[in-house]
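Novice: This structure is in structure tokens; I'll ask about it shortly.
The values are calculated or read from the model by the stated rules, or taken from the named source; none is laboratory data. Computed from a predicted structure; not experimentally measured. Neighbour counts are summed over all protein chains in view; Cβ atoms, including those assigned to glycine, are modelled from backbone coordinates with ideal geometry. Heavy atoms of the whole protein, side chains included, go into the accessibility calculation; ligands, DNA and RNA do not. Shrake-Rupley method; radii C 1.70, N 1.55, O 1.52, S 1.80 Å.
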Amino acid sequence: SYLSGRVAVYYNNTWGTVCDEGWDIRDAHVVCRMLGFHHAVEARSGASFGEGTGPVWLSNLGCSGSESNISQCANSTSEWSEQDCGHDRDVGVVCTENPLTQNVRLVDGQHPAEGRVEIYNPNTGAFGAIYASGWDLNDAKVVCNILGYPYALYARRNSHGIYGYGPWYTVANYFRCAGTENSIYNCNYYDYNSQRTDTAGVSCSESPETLSVRIVNGSHPAEGRVEVYYNNTWGTVCDEGWDIRDANVVCRMLGYSFAMQYRTSAYYGAGSGPVWMTGLSCTGRENNVANCYHDGFTTSSHCSHSNDVGVVCLGHTLTVRLSGGTQPNEGRVEVYFNNTWGTICD
């Protein structure tokens with residue numbers, strides 16, 4: 001991407017690199033602004049963008065972050081010389097053209113596109129985590145879009161268990177986004193004063209994620225235990241939170257119209273391999289379970305295969321009629337299925 005790469009510095013008629021000793025986001029901000037970008041999203045070290053060639057010109061820049069050129073940074077004038085530092089320590093930056101990204105960051109993820117969501121409080125000059133109650137994929141979409149990622153894969157409500165704890169954002173911490181806002185501050189937000197434990201997290205991506213599913217061990221092809229293919233392995237889904245809305249998404253993924261029943265407690269027998277998904281929570285309108293909220297893929301789920309879920313799908317649309325009313329537009333609802341008219345329980 002034109003927004004990221006190894007930093008190279010032209011000095012004494014020669015291009016060289018910068019050592020990562022002392023390198024931080026403040027130095028990266030200066031570099032990004034020199035290149036015409038708004039600010040830096042990340043300061044990379046350890047030759048993250050590959051090793052350069054030529055001299056290693058600088059180390060310990062010591063920028064405050066407000067300078068317009070790295071020559072103005074505290075240690076630049078005394079450090080212009082070949083450093084005792086190898087190219088395996090060349091620095092890099094990830095810049096952004098979006099001024100809003102300076103207000104949101106992801107912390108403690110395994111890669112830059114995931115982590116605990118923290119928001120900048122201009123009153124304190126510090127970032128803080130936000131409360132995860134109700135945090136969903138629409139909220140995650142806004143955060144990911146602000147950070148330059150077109151897709152949100154997961155909205156995590158228990159990110160403290162995955163991404164650790166941080167200080168709380170004190171202005172507001174309970175967000176409700178539609179998913180189309182261009183700033184987290186354009187979402188509805190409130191100050192939630194009860195004891196807060198769960199922090200919100202996200203996993204973002206450059207491309208949408210889709211999952212393959214199958215149903216096995218049923219008495220006919222349209223029913224069975226639900227299995228999900230992830231990381232080149234088939235695994236199962238925990239029944240924690242499993243309901244008809246989740247089952248509807250699975251059935252539509254398999255080409256059926258909708259789910260007639262959802263099953264829990266290994267109704268179709270215990271599966272094998274990992275229990276990939278827990279806390280699955282679909283609205284029922286998603287076209288893939290990857291787009292539903294869940295607690296993230298894990299091989300260490302607290303669920304066992306005794307909690308494996310299942311579905312009974314219906315492969316065609318139903319015919320309905322109204323009966324027993326005094327006029328055509330009222331009456332008892334009856335459904336035609338399996339060559340028989342029947343009713344619907346309230």
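Novice: I need the phi-derived Karplus couplings for segment 228-233: 6.51 cos²θ - 1.76 cosθ + 1.60, θ = phi - 60°, integer Hz, Gly and Pro marked x.
Specialist: Couplings: 10, 9, 9, 6, 6, 9 Hz.
Novice: Then there is this: Each residue of segment 56-61 in order: what ³J(HN,Hα) in whole Hz does its phi give by Karplus 6.51 cos²θ - 1.76 cosθ + 1.60, θ = phi - 60°, with x for Gly and Pro?
Specialist: 8, 6, 9, 8, 6, 4
Novice: Can you give me the % of accessible surface on the chain that is carbon or sulfur? Probe 1.4 Å, all protein chains present, nothing else counted. Don't jump to the answer; show the numbers that get you there.
Specialist: Values: 7730 of 17160 Å².
Accessible surface attributable to carbon and sulfur in the chain totals 45 percent.
Novice: How far apart, in nanometres, would the label points at Glu51 and Ser272 be if each is projected 7 angstrom from Cα along the Cα-to-Cβ direction?
Specialist: 4.5 nm
Novice: Once the whole set of protein chains is in place, how much accessible area is left on Trp168, using a 1.4 Å probe, in Å² to the nearest 10?
Specialist: Counting only protein heavy atoms, the figure is 70 Å².
Novice: Another question about this same structure. By how many degrees, between 0 and 90 and to the nearest 10, does the Cα long axis of helix 25-34 differ from the longest principal axis of the chain?
Specialist: 80 degrees
Novice: Using amide H atoms built in the peptide plane, which far-off residues or other-chain residues are under 5 Å from Val104 H to H?
Specialist: Tyr120
Novice: What number comes out for accessible area per residue over segment 227-300 if the probe is 1.4 Å? Units Å², please.
Specialist: On the way: 3220 Å² over 74 residues.
Roughly 44 Å² per residue, with all protein chains present.
Novice: Sum up the charges of everything whose Cβ sits under 15 Å from the Cβ of Cys204, counting Lys and Arg as +1 and Asp and Glu as -1, but leave Cys204 out. Show your work: numbers first, answer last.
Specialist: Details: positive: Arg105, Arg116, Lys141, Arg156; negative: Glu42, Asp108, Glu114, Glu118, Asp136, Asp139, Glu206, Glu209.
Combined, the nearby Lys, Arg, Asp and Glu give -4.
Novice: So which residue, out of Ala259, Ala74, Ala43, gets the largest mean-square fluctuation from a GNM of the chain using Cα contacts under 10 Å as springs?
Specialist: Ala74
Novice: How much length is gained if the chain between Asn182 and Glu209 is pulled fully straight, taking 0.36 nm per residue apart and subtracting their Cα-Cα distance, in nm to one decimal? Each step should come with its number before you reach the end.
Specialist: Details: separation 27, 0.36 × 27 = 9.72 nm, distance 2.21 nm.
Full-extension gain reported as 7.5 nm.
Novice: Still on this structure: Once you list every other residue whose beta carbon is under 14 Å from the beta carbon of Leu3, what net charge do they have if Lys and Arg are +1 and Asp and Glu are -1? Each step should come with its number before you reach the end.
Specialist: Working: positive: Arg6, Arg33, Arg44; negative: Glu42, Glu97, Glu206.
My count for the surroundings of Leu3 gives 0.
Novice: Given C-alpha coordinates of the chain, what is the ratio Rg to Rh with the Kirkwood estimate of Rh? All intermediate terms of the calculation are to be shown ahead of the outcome.
Specialist: Details: Rg = 26.5 Å, Rh = 23.5 Å.
Radius of gyration over Kirkwood radius for the chain works out to 1.13.
Novice: How much net charge surrounds Asn217 when only the other residues with a Cβ under 10 Å from the Cβ of Asn217 are counted, with Lys and Arg +1 and Asp and Glu -1?
Specialist: On the way: positive: Arg225; negative: Glu223, Glu227, Asp308.
Local net charge: -2.
Novice: Hey, what angle do you get for helix 244-253 against the long axis of the chain, alpha-carbon based, 0 to 90 degrees rounded to 10?
Specialist: The angle comes out near 80 degrees.
Novice: Divide by every residue of the chain the summed helix terms, -39500 (n - 2.57) for each DSSP H run of at least 4, and state the resulting mean residue ellipticity at 222 nm, rounded to the nearest 500 deg cm²/dmol.
Specialist: So the helix-based figure for the chain works out to -3000 deg cm²/dmol.
Novice: OK, next. Report the gain in length on full extension from Tyr120 to Leu322: 0.36 nm times residue separation, minus Cα-Cα distance, nm rounded to one decimal. Intermediate values should be presented prior to the final figure.
Specialist: Values: separation 202, 0.36 × 202 = 72.72 nm, distance 5.73 nm.
Working it through step by step, the gained length comes to 67.0 nm.
Novice: Answer rounded, prolate or oblate for segment 253-317, using the Cα gyration tensor with square roots of eigenvalues a ≥ b ≥ c: rounded when a/c is under 1.5, else prolate when a/b is larger than b/c, else oblate.
Specialist: Numbers: a/c = 2.47, a/b = 1.37, b/c = 1.80.
Taking the square roots of the gyration eigenvalues as a ≥ b ≥ c, segment 253-317 is oblate.
Novice: Please give the per residue volume of the convex hull enclosing the alpha carbon atoms of segment 204-346, rounded to a whole number of Å³. Write out the running numbers ahead of the final one.
Specialist: Values: hull volume 18.8 nm³, N = 143.
Hull volume over Cα atoms, normalised by residue count, gives 131 Å³.
Novice: Now a separate question. Show the residues, 5+ positions off or on another chain, whose built amide H is closer than 5 Å to the amide H of Gly224.
Specialist: Val311
Novice: Here is a further query. Per residue, how much accessible area does segment 104-149 have with a 1.4 Å probe, in Å²? Write out the running numbers ahead of the final one.
Specialist: Details: 1700 Å² over 46 residues.
Accessible area per residue: 37 Å².
Novice: While we're looking at this one, here's another question. Which angle from 0 to 90°, rounded to the nearest 10, does the C-alpha axis of helix 137-146 make with the longest principal axis of the chain?
Specialist: With both axes taken from Cα atoms, the answer is about 20 degrees.
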